[in-house]
1. Given DSSP loops and a limit of at most 13 other Cβ atoms within 10 Å, what is the longest stretch of the chain that contains no such GluC sites (Glu not before Pro)?
2. If you average 1/r over every pair of different alpha-carbon atoms in segment 2-135 and take one over that average, what Kirkwood value in Å do you get?
3. May I ask you to evaluate 6.51 cos²θ - 1.76 cosθ + 1.60, the Karplus curve with θ = phi - 60°, for each residue of segment 294-309 and list the ³J(HN,Hα) values in order in whole Hz, giving x for glycine and proline?
4. Roughly how compact is segment 242-314, stated as its Cα Rg over 2.2 N^0.38 Å to two decimals?
5. Calculate the dipole size of segment 152-234 relative to its Cα centre from +1 charges on Lys and Arg beta carbons and -1 charges on Asp and Glu beta carbons; express the result in debye to the nearest 20.
6. With N set to the number of residues, divide the alpha-carbon radius of gyration of the chain by 2.2 N^0.38 Å and report two decimals.
7. Gap in Å between the Cα centre of segment 249-276 and the Cα centre of segment 7-35?
8. Quick one: give the max-minus-min coordinate of the C-alpha atoms of segment 82-201 along each principal axis, largest first, in Å.
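Read-outs throughout are calculated quantities, based only on the coordinates presented, and are distinct from any laboratory measurement. Given the structure is predicted, the values throughout are model-derived calculations rather than measurements. Backbone-built Cβ (ideal geometry, glycine too); neighbour counts: all protein chains shown.
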Amino acid sequence: MRRLVKTADVVVANLPPQTLRAMKLDYDSLKAIKPDIILTTATAFGGPGPWSDRVGFDGVGQVMSGSVYMTGVGNPPYRAAVNWVDFGTALHCAFGTLAALIERGKSGRGQIVEGALLATALSFTNATLIEQAVINVNRVPTGNLGQTAAPADIYRTRDGWVLCQVTGHPLFKRWAKLMGEEEQWLNDPRFADDISRGNNGPVISERMARWCAERTTQEAVDTLGKAMIPTGPVLSPQQALDHPHIRAAGFLQDVDYPGLPKQAPVARAAIRLSETPGEIATRPPTLGEHTDSVLAELGYDKAAIAALRQSGII
């Protein structure tokens, strides 16, 4: 470990503080080996606080941020099936690590970069929390029906489902024109602004539901898209893989991986740089695949590596 740290710019350790200290991977121990080291770590709850040493997974952040409470119709509450807290924390840690590297380039100093699942979840739900703190609105879950604008819901079509989200008066005017009922919707004080439309969302949503029910999913999204109204079809995972725009945009790259019966569609970096674009250069390694080569770079010969493996260290 000491040899690895001496060659490193950053140590990434997804472990709670007490475990870092026990394994001599805490910042003070690492800094004694390499003074300008950057330690990037992620915990469940962050700190300081009474829960700092507790452990947790993605769902803990979801349930404690207000997100799960506001999802579904309330009984029971639903967590998201996608681990957005995990991935959001990884993105925050990457952002913080890059900022720390830039700072070290200017000052020569390393530092600790600490992410936390709960911090990520609270940052993503912050708008809801601000609204509650400021105006004490005490919102309750309403399924897919939007609460601060309308129409904003998921609607059944003749052969599937589509999402439509209308926020802001220019969009609402375009929607009313598409319905062919501008006078009805634009002159009614119940629909004067986003909040008013959200408060009267069921009325607007009922009209949109009737419009969607008369069309196929493709007809609905094409018509709404042409009218510059935000929309998208509800896709199954297979439909997402097959969608013509997702394929044409090249968001996924097929990658070979040992043991798989076919190539895996791995997501490319979700942000593109014009001058220094990222790419998937190689597949992810299997567990321990590069252990021998890394240790060889550190000066261990074959006998030493074999001894480490025999001892259960690697």
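1. Within the chain, the longest run free of exposed GluC sites (Glu not before Pro) spans 1-180.
2. 16.2 Å
3. Taking θ as phi minus 60°, the curve returns 5, 5, 5, 4, 7, x, 7, 8, 4, 5, 5, 5, 5, 5, 5, 5 Hz for segment 294-309.
4. That ratio works out to 1.64.
5. Roughly 100 debye, rounded to the nearest 20.
6. 1.31
7. 32 Å
8. 65, 39, 28
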